[in-house]
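The values are calculated or read from the model by the stated rules, or taken from the named source; none is laboratory data. What you are looking at is a predicted structure, and each value in this text was computed from that prediction instead of being measured. Cβ placement follows ideal geometry from the backbone for every residue including glycine, while neighbour counts extend to all protein chains displayed. To get the accessible areas, we keep the full protein, side chains included, count just its heavy atoms, and leave off ligands, DNA and RNA. Shrake-Rupley method; radii C 1.70, N 1.55, O 1.52, S 1.80 Å.
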Amino acid sequence: MITLMFSSHNGAQTLPAMLARLASIRHPRGLQIVAIDNGSGDGTGELLRGWTDRLPMQVLSRRAATSGRPAASKNDALNFALDRLGPTLASTELVVVSDDDVIPCRDWLTELLRAAEDNPQADVFGGSIVPHWLATPPAWLGSLQDCFPILFAATSASDGPCSPHDVYGPNMAVRGRLFAQGLRFDPRIGPDGTTRFGMGSESELLRRLDRNGHRFVFREAALVHHQVKPGLLEASGILQRGWRYGFGRAMMDGQRMTRREILAAALRDRLLRDAKATATRLPCFADRRLRTLFWLEVSRGYLDGALRMPLMQPR
């Protein structure tokens, strides 16, 4: 059995393209799709249920807040689904975790399953992600191309063993037995329906698995396109994402570093970024300004996270 799982909070804009493609790709034997309507208010639940006659999909609805966290916490929603899958996880070869805005290639799931079959020593598998623009990218976006993994989860690697940093949330798979043994996502990190959260929903789990000695394998042909909404092609959206990335990094670093160490690193980086941002006011450095401001927002987010520690304890 292979389980594809994703959570959607107000995903009506991107879900139609994703669901239509899921209906046309190759389905491995025993595929089940679990979609979580995570506190949506835009008709996402109705949209998902409208596809259950065309896809082997069950739709779970999660509306109430959990433990004081927002109702739309993505990791809470994923754990909600894992808890309900319960005993079936022990017989599930792979749990594929994705987002509600991917457009997969025809052999996406079969390639991930083949990677698992070819690499019995590995427990985590990742695949390629390329951006799918929903609006024409502005010309200045090229100056941020090396930031695309942070901005759009773009990733690629050669087939074979890989780093956890090569694997991103829209396209990852984990052996089902690990979830059957109690592995869960940390609900304190990741999207929660607000604008001020720490990025790293799946990254935290991948870091934890890496620290515990689990092996990672990349499958280049397991490809998805990741829909990029127009708001993420505006400077304000890019800078906001930089802050979230920095804040999430601080949260995750809190699992292995002391508060003093994180604060020292955050202050050093902030001073450096401030100096570089000041320099870009000179005409000769103007072409670097947006990229510099992006990394300044990363450092601001990291410092904000450091100041709010202890945010996370080792899990």
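Give me the one-decimal nm value for the distance between modelled label points at Leu239 and Arg281, 7 Å along each residue's Cα-to-Cβ direction.
1.4
Along the charge dipole of region 144-274, which of Leu271, Cys147, Ala157 sits closest to the positive end, that is, farthest toward it, with unit charges on the beta carbon of Lys, Arg, Asp and Glu (+1, +1, -1, -1)?
The listed residue farthest towards the positive side: Leu271.
Would you kindly derive the ³J(HN,Hα) couplings of region 121-129 from the backbone phi angles with the Karplus curve 6.51 cos²θ - 1.76 cosθ + 1.60 (θ = phi - 60°), listing them in order in whole Hz, with x for Gly and Pro?
My calculation for region 121-129 gives 7, 9, 10, 10, 9, x, x, 6, 9 Hz in order.
Going toward the positive end of the dipole of the chain, with +1 on Lys and Arg Cβ and -1 on Asp and Glu Cβ, which of Pro28, Gln121, Met252 do you reach last?
With unit charges placed on the Cβ atoms, the residue in question is Met252.
Suppose a student asked you for the relative contact order of the chain, using Cα pairs under 8 Å spaced at least 6 residues apart; what percent would you report?
Working: 626 pairs, mean separation 60.3, N = 315.
Relative contact order comes out at 19 percent.
Can you give me the long-range amide H partners of Met57? Hydrogens built in the peptide plane at 1.01 Å from N, cutoff under 5 Å, separation of 5 or more residues or another chain.
Ile33
With θ set to phi - 60°, apply the Karplus curve 6.51 cos²θ - 1.76 cosθ + 1.60 along region 265-276 and write out the HN-Hα couplings as whole Hz, x wherever there is a Gly or Pro.
Values per residue, Gly and Pro as x: 5, 5, 5, 4, 5, 4, 4, 5, 5, 4, 5, 5 Hz.
Please list, ordered by chain and number, the residues whose modelled amide H lies under 5 Å from the amide H of Met172; skip anything fewer than 5 residues away on the same chain.
Here the answer is Val97, since their amide H atoms fall under 5 Å of that of Met172.
Work out the FRET efficiency for Arg29 and Thr195 from their Cβ-Cβ distance, taking R0 = 41 Å, and round it to the nearest 0.05. Can you show the working numbers first?
Working: r = 42 Å, r/R0 = 1.02.
After rounding to 0.05, the efficiency reads 0.45.
Rounded to the nearest whole Å², what accessible area per residue is found for the chain with the 1.4 Å probe? Could the numbers behind the result be given before it?
Values: 13600 Å² over 315 residues.
Per-residue accessible area for the chain comes out at 43 Å².
How much length is gained if the chain between Arg268 and Arg54 is pulled fully straight, taking 0.36 nm per residue apart and subtracting their Cα-Cα distance, in nm to one decimal?
Extra length from Arg268 to Arg54 when fully extended: 71.6 nm.
Can you give the charge dipole size of region 175-240 about its Cα centre, rounded to the nearest 20 debye, using +1 on the beta carbon of Lys and Arg and -1 on the beta carbon of Asp and Glu?
Numbers: 11 positive and 7 negative charges, 75 e Å.
The calculation lands at about 360 debye.
How much of the accessible area of the chain, in percent, comes from carbon and sulfur atoms when a 1.4 Å probe is used?
Details: 6960 of 13600 Å².
Carbon and sulfur together cover 51 percent of it.
For region 220-241 and region 73-151, compute the distance between their C-alpha centroids and round to whole Å.
Computed from Cα coordinates, the inter-centre distance equals 14 Å.
Helix-only estimate, please: 222 nm mean residue ellipticity of the chain, summing -39500 (n - 2.57) across DSSP H runs of length 4 or more and dividing by its residues, to the nearest 500. Write down the numbers at each step before the final one.
Values: 10 runs with 117 residues, N = 315.
Calculated mean residue ellipticity at 222 nm is -11500 deg cm²/dmol.
For the chain, just the Cα set please: Rg and Dmax, both in angstrom.
Looking at the chain, its Cα Rg and Dmax stand at 19.5, 62 Å.
State the Kirkwood hydrodynamic radius of region 163-315 in Å, one decimal place, computed from all pairs of distinct Cα atoms.
Working: mean 1/r = 0.0583 Å⁻¹.
Mean inverse Cα-Cα distance, inverted, gives 17.1 Å.
With a 10 Å radius around each residue's Cβ, average the other Cβ atoms per peptide and rank 51-59, 210-218, 11-19, 109-117, highest first.
Values: 51-59: 14.9, 210-218: 16.4, 11-19: 19.1, 109-117: 20.7.
The packing order, highest mean first, is 109-117, 11-19, 210-218, 51-59.
In percent, what relative contact order does region 1-136 have, based on Cα pairs under 8 Å that are 6 or more apart in sequence? Write down the numbers at each step before the final one.
Details: 197 pairs, mean separation 45.9, N = 136.
Averaging sequence separation for qualifying contacts and normalising by length gives 34 percent for region 1-136.
Go through region 26-42 residue by residue and turn each phi into a ³J(HN,Hα) via Karplus (6.51, -1.76, 1.60, θ = phi - 60°); whole Hz please, and just put x for glycine and proline.
Running phi through 6.51 cos²θ - 1.76 cosθ + 1.60 with θ = phi - 60° gives 6, 9, x, 4, x, 5, 10, 10, 10, 10, 10, 7, 9, x, 6, x, 10 Hz.
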